Each structure stands twice: as C-alpha cells, then as structure tokens.
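Right, one structure below, let's go through it.
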Amino acid sequence: IFAAISAATGLKFDIKVGQSYGAVMEAQCAGAADIAFYGVASYLPTHKKGCANLLALAINNGQSVYYSGIFARIDAGVASVKDIKGKTIALGDLNSTSSFAVPVAMMIESGVNPVRDAKAIQLAGSHANVLKALSEGLVDVGGASFESFEKAVNQKAIDPTKIRVVAKSAPIPYPPLAIHPKVAPEVQAKLRDAFENIHKLPGISKDQIRGYGGSKVDGYTTKVSEQEMADAAKMFDLVTDQVKADILKKA
C-alpha cells in the first residue's frame with residue numbers, strides 16, 4: 001500500500017517492522033516513526049499520550065471491521081469458552097487487539113479468569129505463532145484474528161480439520177493507520193487525499209491495495225472517528241493493566 005501511495009504522491013517511505021507492538025508505540029512517541037499500523041488496543045494509549053491521530057482505515061466489502069476469535073484443538077475437549085478452565089492457552093503480543101485484548105476479555109466475560117483458571121499461558125508474540133502452537137499441539141486454546149486464521153489455512157501453515165472455532169468476537173474496527181500530529185499539515189493532507197482515492201487513481205492496480213497483514217482490501221477511508229475507536233475499547237475494558245501484568249507473570 002505504501003508503494004501505491006508513493007506512486008500517487010511522490011512521498012517516499014522508509015518501512016520498518018517492529019519487534020513488538022510496544023516497540024512501535026514507543027517509536028512513534030519518540031518521533032522515530034511518523035506513521036504506525038497497529039490495532040485499536042495499541043492506538044488508544046498512543047493517541048492518549050499525544051503521539052498519534054487517525055489517518056486511514058481499510059475498507060473491504062463496504063466495512064472497516066474484522067473479527068477476533070478463540071480457537072481450540074478438536075481433541076482438547078473445548079466446546080465453549082467455559083471449557084477453557086484447566087487448559088493451556090496461547091496468546092499473541094501483550095498490546096495486540098485481536099490476539100490478546102479481545103480474546104482475554106471474551107474469557108473474562110464468560111467467567112474464565114486466564115490467570116487463575118488456565119493450566120498455563122504462552123505469550124507467542126504473534127497471531128501466526130499462536131496458530132502454529134495450536135496446530136502443533138503445544139497448547140489447547142489460542143486467541144487470534146479470523147483474518148490470520150484464514151491466511152494460515154490458505155498458506156497451508158495449519159490444518160483446519162484439527163481446529164475448531166470456540167467463540168467469535170463482535171466487530172472490531174480495522175487496524176488503523178495512525179500519524180504523528182507533528183507531521184506537517186500539508187503532508188497529512190496529501191496522505192489523506194491519496195488514501196481516500198487510492199482505489200481509483202490511474203496506474204494503481206487492485207493488487208497494490210493491501211491492508212493489515214498484506215490482505216487485499218477494496219480501498220481506504222479517512223473519514224474515521226476517534227469516538228468509534230474509543231467505543232471499541234469497551235470490548236476489552238476488563239483487560240486492565242493489572243490483568244496484563246498477571247498474565248505476563250503467569251506466562
């Protein structure tokens with residue numbers, strides 16, 4: 001997508017991949033990153049610190065949403081979220097929306113305290129690692145996005161016949177592109193115009209219009225609401241800093 005935006009605007013991008021969401025958040029607040037691509041759970045605290053504002057959200061099939069899920073091995077005996085008690089769980093990055101915050105919130109809402117009730121917790125660091133651990137029988141249950149699950153299946157990285165969907169989340173706002181407020185206003189305006197119109201600009205192929213994780217999307221919108229992002233936080237407001245610290249300690 002940044003190659004397409006570069007072709008449309010003449011702006012050049014230096015792309016870096018962070019080792020964690022925390023590293024990306026810190027880089028943006030330190031002024032080492034002008035733009036970041038991460039989930040709502042990473043955006044909100046970064047925005048609160050004054051380091052990020054919404055830039056654009058991908059659109060697919062007329063929507064800017066995706067879904068998180070709790071998955072289990074078929075042979076793990078987990079038919080519902082309540083069955084997770086006594087099982088081993090894999091989660092992604094501590095600041096991930098759909099491989100940590102939302103799955104943990106879904107467990108807590110169903111009366112499962114991961115710290116107290118899980119046999120063990122593994123922080124795998126990414127959706128792909130969660131699904132790999134699940135597929136290889138290293139854990140019983142895992143939290144990941146449905147996009148990551150579908151991608152792993154399509155790439156034959158996991159065997160879908162060995163895994164069942166235990167629970168699917170409510171719609172989550174698509175991972176936002178966020179820009180540092182100190183980026184020059186004229187550059188921000190140019191970026192917003194390019195993202196808003198990228199799907200109809202000459203010389204840009206549909207294959208170039210990619211979203212988070214490289215998946216194909218229809219386009220982008222810059223008409224995004226800070227309130228919508230704030231409302232999304234209600235999905236995981238049970239996942240407090242103390243809950244995170246307790247899970248980290250158990251893991």
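Mind checking the dipole of the chain: about its Cα centre, +1 per Lys or Arg Cβ, -1 per Asp or Glu Cβ, Debye to the nearest 20? Intermediate values should be presented prior to the final figure.
Details: 28 positive and 24 negative charges, 68 e Å.
Once rounded to the nearest 20, the dipole reads 320 debye.
Between the listed residues 225, 148, 208, the Cα displaced farthest toward the positive end of the dipole of the range 77-236, a dipole computed from Cβ unit charges relative to the Cα centre, is found at 148.
Mind ranking 98, 80 by accessible surface for me, highest first, 1.4 Å probe? List each step's numbers first, then the result.
Working: 98 5, 80 45 Å².
Ranking 98, 80 by accessible area, largest first, yields 80, 98.
At a probe radius of 1.4 angstrom, the accessible area of the range 1-132 per residue rounds to 43 square angstrom. Considering only 185, 175, 103, the mean-square fluctuation computed in a Gaussian network model of the chain, springs between alpha carbons under 10 angstrom, is largest for 185.
Residues in the range 64-74 carry Karplus couplings, in order, of 10, 9, 8, 9, 9, x, 10, 10, 9, 5, 4 Hz; the curve used is 6.51 cos²θ - 1.76 cosθ + 1.60 with θ = phi - 60°, and Gly or Pro positions show x.
Output the antiparallel fraction of DSSP beta bridges having both residues in the chain, as a percent to the nearest 5.
Details: 23 of 29 bridges.
In the chain, DSSP labels about 80 percent of beta bridges as antiparallel.
Extension gain, residue 15 to residue 193, is 62.0 nm, computed as 0.36 nm per intervening residue step minus the present C-alpha separation. If you take all other residues with their beta carbon under 15 Å from the beta carbon of residue 205, and give Lys and Arg +1 and Asp and Glu -1, the sum is +2. The fraction of accessible area contributed by carbon and sulfur in the chain is 52 percent, rounded to a whole number (1.4 Å probe; ligands and nucleic acids excluded).
Estimated from helices alone, the mean residue ellipticity of the chain at 222 nm is -9500 deg cm²/dmol (sum of -39500 (n - 2.57) over DSSP H runs with n ≥ 4, per residue). Measuring r between the beta carbons of residue 3 and residue 226 and using R0 = 41 Å, the FRET efficiency lands at 0.90.
For residue 65, the residues whose modelled amide H falls within less than 5 Å of its own, excluding neighbours fewer than 5 places apart on the same chain, are 60, 174. Of the listed residues 70, 204, 59, the order by accessible area with a 1.4 Å probe, largest first, is 59, 204, 70.
Ordered from largest to smallest accessible area (heavy atoms of protein chains, 1.4 Å probe), the residues 51, 29 come out as 29, 51. The chain gives an Rg/Rh value of 0.99, both radii derived from C-alpha positions and Rh following Kirkwood.
The values are calculated or read from the model by the stated rules, or taken from the named source; none is laboratory data. Just so you know, these numbers come straight off a predicted model, no measurement behind them. Note that each Cβ is placed from the backbone with ideal geometry, even for glycine, and that neighbours are counted across all protein chains shown. Ligands, DNA and RNA are excluded from the accessible area calculation, which covers all protein heavy atoms including side chains. Shrake-Rupley method; radii C 1.70, N 1.55, O 1.52, S 1.80 Å.
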